[in-house]
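Enquirer: Sharing a structure below in structure tokens format, with a few things to ask.
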Amino acid sequence: MHRFLLHNGQILDTHEKSLSAGQVGLLNGWGVFSTLRVADGVLFAFERHWDRMQRDAAKVHVPFPQDAAQLKSELLSLVEANSAWNATLRVVVVRNRGGMFEGPDQKRDFDVLAFTKDLNPWGANARLALKTHGRHAQNEFSGCKILSWSDNLTWYEEALQRGFDEVVLLNERGEVGECTSANIFAATGSEVSTPPLASGCLPGVTRELLLDVVRVPGISVVERTLVPADLESADQVFITSTTRDLLPVISIEGLTVHNRASIVDRLVKALEKYRQDYVKASARVPTLHA
């Protein structure tokens, strides 16, 4: 984490004590968050992150900021304070009130926290473990990106301890859902498939971009129910996230995975082109580098 963080519109040193134990959301994981890519000082796809956080906050009863432009401005101030022109930014909205153990000094319904860090060196590919019943697709809150994240962290840590890089999470029907912090895709011929939201996966922003706006001639990206056998029969499997972009999968526990196509490379180039165009269209770039 970089030196400065954002707390309710103020830039603070990370060593300053600004939180209290009586904030209900911190004790119970009652809040929402998103991880953004900062590209040349621009909050890439900020609008999509805002929309998802706002939607999830409403679903889990977390009070949420009303002004997207104000939050964006505050996040850009954090980017500037940390000189984090090309970095990862995490923004969190924490509910402060409710339940039996609400602190007596809570004057705000929610807190907004944000911090930045260097881009993570993920490597050139990924090896995936496999976890049954890792997602409950029928759960009311499946697909919500909320602070109750300890199961994902535990499975991710166990995967690393076993020599893997991530985990494929299957739902209660044995269908492919996602990874702990990434969506998964399977390319067969000219079609690229990713599990639908009904699988219990999160609506990742990179996933959404590939489905909605990133285009490569001759390649179609669609939602389709996948099972492990589909990952075995695919020409190529890859995972996506805001910090990874697209990462080819070279092995999956208990499965035989192929790498007999160049679809990932073509989609990576198209996504990077889309990001470059997004950055160029932002009026913020010359201000940050003035």
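Enquirer: Work out from phi, with θ = phi - 60° and the Karplus expression 6.51 cos²θ - 1.76 cosθ + 1.60, the ³J(HN,Hα) of each residue of the stretch 195-205, listed in order in whole Hz, and give x for Gly and Pro.
Expert: So the Karplus estimates, Gly and Pro as x, are x, x, 4, 5, 6, x, 7, 6, x, x, 5 Hz.
Enquirer: Using only Cα atoms, tell me the angle between helix 68-81 and the longest principal axis of the chain; keep it within 0 to 90° and round to the nearest 10.
Expert: 90 degrees
Enquirer: Sorted by accessible area with a 1.4 angstrom probe, largest first, how do Met100, Met53 fall? Write down the numbers at each step before the final one.
Expert: Working: Met100 170, Met53 10 Å².
Ranked list, largest accessible area first: Met100, Met53.
Enquirer: Arrange the residues Lys269, Lys145, Lys17 by how much accessible surface each exposes, largest first, with a 1.4 angstrom probe.
Expert: Working: Lys269 150, Lys145 30, Lys17 190 Å².
In descending accessible area the options line up as Lys17, Lys269, Lys145.
Enquirer: With Rg/Rh (Cα atoms, Kirkwood Rh) in mind, check (1) 1.27; (2) 0.97; (3) 0.94 and report the label derived from this structure.
Expert: So the calculated entry is the one marked (2).
Enquirer: Give the angle, between 0 and 90 degrees and rounded to the nearest 10, that separates the Cα long axis of helix 263-281 from the longest principal axis of the Cα atoms of the chain.
Expert: Taking the Cα atoms of the chain, the angle to 263-281 is about 30 degrees.
Enquirer: Show the residues, 5+ positions off or on another chain, whose built amide H is closer than 5 Å to the amide H of Arg224.
Expert: Thr194
Enquirer: Still on this structure: Within 12 Å, Cβ to Cβ, of Asn259, how many net charges do the neighbouring residues add up to if Lys/Arg are +1 and Asp/Glu are -1?
Expert: Net charge in that neighbourhood comes out at -1.
Enquirer: Extending each Cα 7 Å along its Cβ direction at Asn120 and Ser20, get the distance between those two points in nm, one decimal.
Expert: Spacing of the two 7 Å Cα→Cβ label points: 3.3 nm.
Enquirer: Considering only C-alpha atoms, what is the centroid distance from the stretch 220-265 to the stretch 45-71, in Å?
Expert: 30 Å
Enquirer: Something else: What lysines could a cross-link reach from Lys145, if we take a straight Cα to Cα line under 17 Å and drop same-chain neighbours fewer than 8 places away?
Expert: Lys59
Enquirer: On to the next question. If the reach is capped at under 25 angstrom between alpha carbons, list the lysines near Lys17, excluding any in the same chain fewer than eight residues apart.
Expert: Leaving aside lysines fewer than 8 places away in the same chain, those within reach of Lys17 are Lys72, Lys107, Lys117.
Enquirer: Further, regarding this structure: If you average the sequence gap of Cα pairs under 8 Å that are 6 or more apart and divide by the length of the chain, what percent do you get for the contact order?
Expert: 18 percent
Enquirer: Cα axis of helix 46-59 to longest principal axis of the chain: angle in degrees, 0 to 90, nearest 10?
Expert: Taking the Cα atoms of the chain, the angle to 46-59 is about 80 degrees.
Enquirer: So, one more: At 1.4 Å probe size, with no ligands or nucleic acids counted, give the accessible surface of Glu223 in Å², nearest ten.
Expert: For Glu223, solvent-accessible area is about 100 Å².
Enquirer: Within a Cβ distance under 13 Å of Ala137, other residues only, what is the Lys/Arg minus Asp/Glu net charge? Can you show the working numbers first?
Expert: Details: positive: Arg135, Arg173; negative: Glu140, Glu172, Glu175, Glu178.
Residues near Ala137 contribute -2 overall.
Enquirer: In addition: Work through the residues other than Ile219 whose Cβ is under 13 Å from its Cβ and net out their charges, Lys, Arg +1 and Asp, Glu -1.
Expert: So the surrounding residues net to 0.
The values are calculated or read from the model by the stated rules, or taken from the named source; none is laboratory data. Note that this is a predicted model, so its numbers are computed, not measured. Ideal geometry is used to build each Cβ from the backbone, glycine not excepted, and the neighbour counts take in all protein chains shown. To get the accessible areas, we keep the full protein, side chains included, count just its heavy atoms, and leave off ligands, DNA and RNA. Shrake-Rupley method; radii C 1.70, N 1.55, O 1.52, S 1.80 Å.
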